[in-house]
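Participant: Below are the structure tokens for one structure; questions will follow.
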Amino acid sequence: MVCCCCEVEGVRVVRRIISEGSVWMNNIVVTGFLLVAWMTIAVAEEPAPATIALVIDDVGYLLAPGLRAIALPGPLAYSVLPHTPYAVSLAEAAHRAGKEVMLHLPMEPREGLSLGPGGLLHTMNHLELSQTLRTDLALIPHIRGVNNHMGSLLTQQSEAMAWVMADIKSHEGLFFIDSRTTAATVALDAAQKAGLSATRRDLFLDNVSQPAAIRVQFARLVALARLQGTALGIAHPRPATLQMLEDLLPRLPALGVRLRPVSETVARRAANPTLLQRYNPYGPLPGAEGIFDTEK
Ligand SMILES: [Zn+2]
């Protein structure tokens, strides 16, 4: 026999137990849900390995340095100047080696620099630009993409860039890399507006063609890749550059950085703008110091 108040109290106790049990169950369910959600986010946000891509520019004038560049380990791309003596043989050699070939498209620089044959000039009309581009493309076999040689004048000109990028787009499957020979370039914007798969270079490795300077630039390329996921460098087949790349490229795996094909890097950056976060490649780059400190 239970008095009504005891019964009421008993019911309250039972209800409280049920209620607390329910809260416990709810907590377990919520905690489990949060755990699964956290694990999902953790898996989704696990950063992809940092990657770099390298273009060797100005290929075609010299055979031996060109072949030495092609022998560098990994999937580099070789951007070949049209109308140069070894353009075809080096493009074929790169292709045979499983490397990517690009057209290094000459574009008019500001005064004082010699552009060489096959160049696009600001005095050309649309038809002349198209014909010159078509000839340049036809001169080099196995082309996967295009980047500009020089061009500090022409790449500032919106109309010419719009025409050129539309013409490159009309050649199926090509990508474009803005070499950024001037900060005022509109080439990448024009390429994107034309619907091209396109990106820009981050760093020149050998503007100063001395081993120590190239090593610093290479370390900055690695730091940039770690900061933004990818980094794209341009270098040239010069003795100091080749010597440094032969030394430094095999060290990338130990740094947790992978060398990937240029075409893949362009496609990734074109599809995912967060991989191109507008770090100033020539400004302060956290982590760039000391990457190769173990070396003298
Ligand atoms: Zn060049």
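The values are calculated or read from the model by the stated rules, or taken from the named source; none is laboratory data. From a predicted model like this one, the values you see are computed outputs, not experimental measurements. Heads up, the Cβs are rebuilt from the backbone with ideal geometry, glycines too, and the neighbour counts pull from every protein chain shown.
Participant: Arg110 passes all but one of (1) modelled with pLDDT under 95; (2) more than 27 Å from the chain's Cα centre (by Cα); (3) assigned by TED's automatic domain parsing to the domain that holds Gln157; which number fails?
Facilitator: Here Arg110 meets the rest and fails (2).
Participant: Still on this structure, please answer the following. Scan Leu196, Leu276, Leu248, Leu232 and give me the residue that is surrounded by 16 or more Cβ atoms within 10 Å (Cβ to Cβ) and within 16 Å of the ligand (Cβ to nearest atom). If you could, list the steps in order and put the result at the bottom.
Facilitator: On the way: Leu196 fails: within 16 Å of the ligand (Cβ to nearest atom); Leu276 fails: within 16 Å of the ligand (Cβ to nearest atom); Leu248 fails: within 16 Å of the ligand (Cβ to nearest atom).
Answer to the check: Leu232.
Participant: Next up: I'm told Pro49 meets every condition in (1) modelled with pLDDT of 95 or more; (2) more than 16 Å from the ligand (Cβ to nearest atom); (3) not small (Gly, Ala, Ser) except one. Can you identify the failing condition by its number?
Facilitator: Among (1) modelled with pLDDT of 95 or more; (2) more than 16 Å from the ligand (Cβ to nearest atom); (3) not small (Gly, Ala, Ser), Pro49 violates only (1).
A quick yes/no check of all residues on (1) within 24 Å of the chain's Cα centre (by Cα); (2) under 30 Å from Ala97 (Cα atoms); (3) surrounded by 17 or more Cβ atoms within 10 Å (Cβ to Cβ):
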| site | (1), (2), (3) |
| --- | --- |
| Gly118 | no, yes, yes |
| Met124 | no, no, yes |
| Thr132 | no, yes, yes |
| His142 | yes, yes, no |
| Ser152 | yes, no, yes |
